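Below you'll find the structure, written out as structure tokens, and then a few comments.
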Amino acid sequence: MTGHSSGTPDIHNLNDSLWYATAIPEKKSSPLQGKRVADVAVIGGGFTGCSAALHLALQGAAVVLVESNEIGWGGSGRNAGLCNAGLWLDPDDVMDRVGHHHGTKLIAGLTETPKLVSNIIGRYNIDCDWDPRGVVKAAFKPSHVKGLDRHAEQWRKLGADIESFDREQTSNILGTTRYHGSIIDHRSGTLHPLSYARGLARAAQTEGASIHTHSPALTLERDGSKWNVSTPDGSICADSVVLATNAYSNSLVPGLKESVIPVGCFMCATEPLGQNIVRTILPAGGAMYDTQPSMYFARLDRERRLILGTLGYFRIKDLSDKRTWPNRIMRWLFPQLENVGWTHHWSGTIGFTPDHVPRLYSPEPGLYITLGYNGRGIGPGTFFGKMLAGWIGGTPESDLPLPIDPIKPITFRHTRQLFYQTAFRASLLRGFVS
């Protein structure tokens, strides 16, 4: 198996982002040199890979992780930093798509993901601005309120702390009059995603994992009962391999790249807002996203900057141009920010699956893969990394939260990707009528 570039069309470097400018320092690591022997080789330095390395090391395994760029370089370091519980899907839909046996375990595991993230942050003193004040989902159209109510009711039956609001209450919570109702999931929170990714890697190193950045996996080959991973200047011989590359997967494993749909995610950040005006933006704290397929999402960081984003890849040369969509969205949502300027803009790639359910693969003995978080990478990435560690450590397949699927390329994958991108662009061109 030979690896090549994943080909994700991220149109900005990671160092263009606000997260890169404000993240905690990455703990020093170096490219892999020479031959290494390990119990487990981990490929990928995002949330899943770093969580797997951490939890494997806690189990006493000898772990070597290789990352082709730097920790959090992909979607883990480029997202909006919303740590949600569960999937996008309603619990009943999860049950329908994966069955009662797996659905029960998946829902139970993912409902606890913000708590898992919070516990890791606390245990390892990760400075990543964890804010547990919840995440609001807002109804873009009046007809969307019924879907929010259904989602909230299904979760409440399972004991989740989710609160519903009418239009006036939503306006007071968000500081905008544009939405018709909302729910807030009190299980969820926000964080600095790149700092969290770097903190996870540092935690794994603290527990004994060996991490090597700027070490792309070039080949992955099975030799008897062992796996060999080669990089430009080194190699790893391991009993097991965790492949945690998600939307940035390449051809290292045949068909894997084609089993997930890469979807863009674009964000902008303002200059720090003044104290008077910041009181009117998301005054209840936390963050929000809405019910559009190409959703708008917004949050504040610790320096009171507004971070605003949507799905898709966009090339914007001049953020001061009032006609560009970030300015149009900002004026539509928060007209009080008319004269506020932008300082950063960046993009990343997230991995979608056709049914919006993650995948578990084990195409050969000792090879473990998970991907397809559909825009919810922080909590699920951390959870599935821990789950993979448990699976390698002896968790029976019957206790896994998903069935083990064969790797199957998505039919018309490229067409689906183009459809998403076209739909996202069309959504922005249609204007702001809700």
**Asked** Which of (1) within 23 Å of the chain's Cα centre (by Cα); (2) surrounded by fewer than 22 Cβ atoms within 10 Å (Cβ to Cβ); (3) over 30 Å from Gly60 (Cβ atoms); (4) of a type in the set (Val, Ile, Thr) is the odd one out, the single condition Thr324 does not satisfy?
**Response** (1)
**Message:** Among the residues of the stretch 308-320, what is the count of those that are more than 16 Å from the chain's Cα centre (by Cα) and β-branched (Val, Ile, Thr)?
**Reply:** 1
**Prompt:** For the stretch 198-207, does any single residue satisfy the condition of being among the charged types (D, E, K, R) and in contact with a Leu (Cβ under 7 Å, 6 or more places away or on another chain)?
**Reply:** yes
**Prompt:** Limited to the stretch 53-81, what total is found for residues that are surrounded by fewer than 24 Cβ atoms within 10 Å (Cβ to Cβ) and either of a type in the set (Lys, Arg) or out of contact with any strand residue (DSSP E or B) (no Cβ under 8 Å at 6 or more places or on another chain) (or both)?
**Reply:** 6
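To keep it simple, each residue is scored yes or no on (1) buried (at least 21 other Cβ atoms within 10 Å of the Cβ); (2) farther than 21 Å from Leu220 by Cβ; (3) in contact with a Cys (Cβ under 8 Å, 6 or more places away or on another chain).
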position	(1), (2), (3)
Gly375	yes, yes, yes
Phe384	yes, no, no
Thr395	no, yes, no
Pro406	no, no, no
Ile410	no, yes, no
**Fill in**
Sole miss for Lys115 among (1) over 29 Å from Ser347 (Cα atoms); (2) surrounded by fewer than 23 Cβ atoms within 10 Å (Cβ to Cβ); (3) within 21 Å of the chain's Cα centre (by Cα) is condition (1)
**Prompt:** Which of the following residues is touching a helix residue (DSSP H, G or I) at 6+ places or on another chain (Cβ under 8 Å) and closer than 27 Å to Gly60 by Cβ: Gly372, Gly377, Gly385?
**Reply:** Gly385
**Message:** So, Leu418, is that one at pLDDT below 80 and more than 29 Å from Leu56 (Cβ to Cβ) or not?
**Reply:** no
**Asked** Taking interchain pairs and intrachain pairs at least six residues apart, which have beta carbon atoms under 6 angstrom, with the first residue in the stretch 405-432 and more than 27 Å from Glu364 (Cβ to Cβ) and the second modelled with pLDDT of 75 or more and in a helix (DSSP H, G or I)?
**Response** Leu428/Trp325; Phe432/Trp332
**Prompt:** Do we find that Thr353 is among the polar types (S, T, N, Q), surrounded by fewer than 22 Cβ atoms within 10 Å (Cβ to Cβ), under 22 Å from Val253 (Cα atoms) and touching a residue at least 12 places away in the same chain (Cβ under 8 Å) in this structure?
**Reply:** yes
**Message:** If a residue must be among the β-branched types (Val, Ile, Thr), under 30 Å from Thr280 (Cα atoms) and not in a loop (DSSP other than H, G, I, E, B), how many such residues does the stretch 337-396 contain?
**Reply:** 2
**Item:** Ala85 vs. criteria over 24 Å from Gln205 (Cβ atoms), assigned to a loop (DSSP other than H, G, I, E, B) and in contact with a helix residue (DSSP H, G or I) (Cβ under 7 Å, 6 or more places away or on another chain)
**Value:** yes
**Request:** Say whether the condition of being without any contact (Cβ under 8 Å) to a residue 60 or more places away in the chain and under 30 Å from Gly103 (Cα atoms) is met by at least one residue in the stretch 327-336.
**Result:** no
**Asked** Within the stretch 273-294, can you find the residues that are modelled with pLDDT under 95, of a type outside the set (Ser, Thr, Tyr) and more than 11 Å from Leu306 (Cβ to Cβ)?
**Response** Gly274, Gln275, Asn276, Arg279, Pro283, Ala284, Gly285, Gly286, Gln292, Pro293
**Request:** Determine which single condition Ser251 fails, assuming it passes every other condition in (1) surrounded by fewer than 22 Cβ atoms within 10 Å (Cβ to Cβ); (2) at pLDDT below 95; (3) of a type outside the set (A, V, I, L, M); (4) within 30 Å of Ile126 (Cβ to Cβ).
**Result:** (4)
**Request:** Report the residue count in the stretch 133-163 for those that are within 25 Å of the chain's Cα centre (by Cα) and either basic (Lys, Arg) or closer than 18 Å to Gly175 by Cα (or both).
**Result:** 11
**Asked** Name the residues in the stretch 15-56 that are under 17 Å from Gly366 (Cα atoms) and of a type in the set (A, V, I, L, M), would you?
**Response** Val37, Ala38, Val40, Ala41, Val42, Ile43, Ala52, Ala53, Leu56
**Prompt:** Only one of (1) touching a residue at least 60 places away in the same chain (Cβ under 8 Å); (2) within 22 Å of the chain's Cα centre (by Cα) is not met by Ala61, so which one is it?
**Reply:** (2)
**Request:** Collect the residues in the stretch 18-44 that are modelled with pLDDT of 95 or more, in a loop (DSSP other than H, G, I, E, B), farther than 15 Å from Tyr368 by Cα and touching a strand residue (DSSP E or B) at 6+ places or on another chain (Cβ under 8 Å), keeping them in residue-number order.
**Result:** Pro31, Leu32, Gln33
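The values are calculated or read from the model by the stated rules, or taken from the named source; none is laboratory data. These figures come from a predicted structure and were not determined experimentally. Reconstructed Cβ throughout: ideal geometry from the backbone, glycine too, with neighbour counts over all protein chains shown.
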